[in-house]
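Inspection log for the structure reproduced underneath, given as structure tokens.
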Amino acid sequence: MKRYIVGLGEALWDVLPEGKKLGGAPANFAYHAGQFLGMDNTIAVSALGEDKLAEETIEALKEHSLNYLMPSVPYPTGTVQVTLTGDGIPTYDIKENVAWDNIPYTDEMKEIAKNARAVCFGSLAQRNVVSRENIHKFLDDTPADCIKIFDINLRQQFYTKEVIKESLKRCNILKINDEELVLIGRMFGYPGLDIENKCWLILGKYDLDMLVLTCGTNGSYVFTPGQMSFQETPKVEVADTVGAGDSFTGSFVGSILNGKPVPEAHKTAVQVSAFVCTQNGAMPVVPDRLKG
């Protein structure tokens, strides 16, 4: 069986002012990783309802040439009401008790887990115990050399200290933004440290291979044991920022798996993310010039 790069978690539609678009970090991540590693090598894993929106999800995934494993469950397909501020910054109203809150762990999923080359997961899809336990099973079944990226993605009230701690134990790369880092610092009892020292502390405490910190317009960092990479954020005309973080993660992991050194992969991720901000929606085609 081939080795997949997996986006694991929520499958949902972003309902934007101009209409709805397929969203959710797993599909966005898999799509952008696929632009670097080939779409055949990536897969989005989640659950869908037994409704019209589920059919539309499958059509949209096929339109983007995305592989998917999303069993049907007797809950509605996920939606998020997205409103954009004047600066194009999204705010989210995430509907509860939906299909991706109830992801089953099927034999097919187990096969993918056992052959995963990389898997990206977040905290949002773990808000319900069913999906949380099955995401843990998936992660625990991955091979020793699998890259496990915890793209923390704190949303609304849908996270707990326990979920974050368990996820940190299961990942080898943490991706976090500056606002989330402040929250985690308070939650874990080290609010006084500056940004860099918080990152070094988390990297060491959880024995991580990498910690990726994004700070919006103030640049981004990649911490690895004994090394730090910094990249400024390019100034671009923003259409919207939906999916920009996922495009960063997908292109960073894609570049690392293509053998690029961390500073080079970091630079590529920054450029791809900036490009995605100039486009509407989370899944634009990335120009070849940005793929290195």
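The values are calculated or read from the model by the stated rules, or taken from the named source; none is laboratory data. Worth saying up front: this structure is predicted, and the values here are computed from it rather than measured. Virtual Cβ from ideal backbone geometry, glycine too; neighbours counted across all protein chains shown. Ligands, DNA and RNA are stripped out before the accessible areas are found, and what is left, the full protein with its side chains, is counted by its heavy atoms. Shrake-Rupley method; radii C 1.70, N 1.55, O 1.52, S 1.80 Å.
Quick rundown of the values:
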{"quantity": "Residues (hydroxyl-bearing (Ser, Thr, Tyr) and assigned to a strand (DSSP E or B)) located in segment 224-240", "calculated": "Thr224, Ser229"}
{"quantity": "Residue within segment 97-115 that is closer than 22 Å to Leu174 by Cα and touching a Lys or Arg at 6+ places or on another chain (Cβ under 7 Å) present", "calculated": "yes"}
{"quantity": "Exclusive hit being in contact with a strand residue (DSSP E or B) (Cβ under 8 Å, 6 or more places away or on another chain) and in a helix (DSSP H, G or I), set Leu211, Leu203", "calculated": "Leu203"}
{"quantity": "Boolean, Phe223 is open to solvent by less than 30 Å² (accessible area, probe 1.4 Å), closer than 27 Å to Lys21 by Cβ and among the aromatic types (Phe, Trp, Tyr)", "calculated": "no"}
{"quantity": "Ala44 vs. criteria surrounded by 21 or more Cβ atoms within 10 Å (Cβ to Cβ), without any contact (Cβ under 8 Å) to a residue 40 or more places away in the chain and not β-branched (Val, Ile, Thr)", "calculated": "yes"}
{"quantity": "Whichever residue in segment 80-90 is over 17 Å from the mean Cα position of the chain (by Cα) and not aliphatic (A, V, I, L, M) and, among such residues, is modelled with the lowest pLDDT", "calculated": "Gly88"}
{"quantity": "Number of the exception - Tyr68 against (1) under 19 Å from the mean Cα position of the chain (by Cα); (2) within 17 Å of Gly243 (Cα to Cα)", "calculated": "(2)"}
{"quantity": "Subset of segment 267-292 that is among the hydrophobic types (A, V, I, L, M, F, W, C) and over 17 Å from the mean Cα position of the chain (by Cα) - its residue that is surrounded by the most Cβ atoms within 10 Å (Cβ to Cβ)", "calculated": "Val286"}
{"quantity": "Conditions (1) open to solvent by 30 Å² or more (accessible area, probe 1.4 Å); (2) closer than 14 Å to Asn28 by Cα; number of the one not met by Thr233", "calculated": "(2)"}
{"quantity": "Test: residue in segment 271-280 that is without any contact (Cβ under 8 Å) to a residue 12 or more places away in the chain and assigned to a loop (DSSP other than H, G, I, E, B)", "calculated": "no"}
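Let's see how each residue does on (1) open to solvent by 20 Å² or more (accessible area, probe 1.4 Å); (2) part of a loop (DSSP other than H, G, I, E, B); (3) at pLDDT 95 or above; (4) at negative phi:
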| residue | (1), (2), (3), (4) |
| --- | --- |
| Val242 | no, yes, no, yes |
| Gly250 | no, no, yes, yes |
| Gly259 | yes, yes, yes, no |
| Ala265 | no, no, yes, yes |
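Every residue, every condition in (1) in contact with a Ser or Thr (Cβ under 8 Å, 6 or more places away or on another chain); (2) over 21 Å from Ile152 (Cβ atoms); (3) surrounded by fewer than 18 Cβ atoms within 10 Å (Cβ to Cβ), yes or no:
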residue	(1), (2), (3)
Trp13	yes, yes, no
Phe36	yes, yes, no
Leu61	no, yes, no
Asp87	no, yes, yes
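Yes/no per residue for (1) in contact with a helix residue (DSSP H, G or I) (Cβ under 9 Å, 6 or more places away or on another chain); (2) more than 23 Å from Lys291 (Cβ to Cβ):
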position	(1), (2)
Leu16	no, yes
Pro26	yes, no
Met39	yes, no
Ser46	yes, yes
Glu56	no, yes
Ser65	yes, no
Pro74	yes, yes
Thr91	no, yes
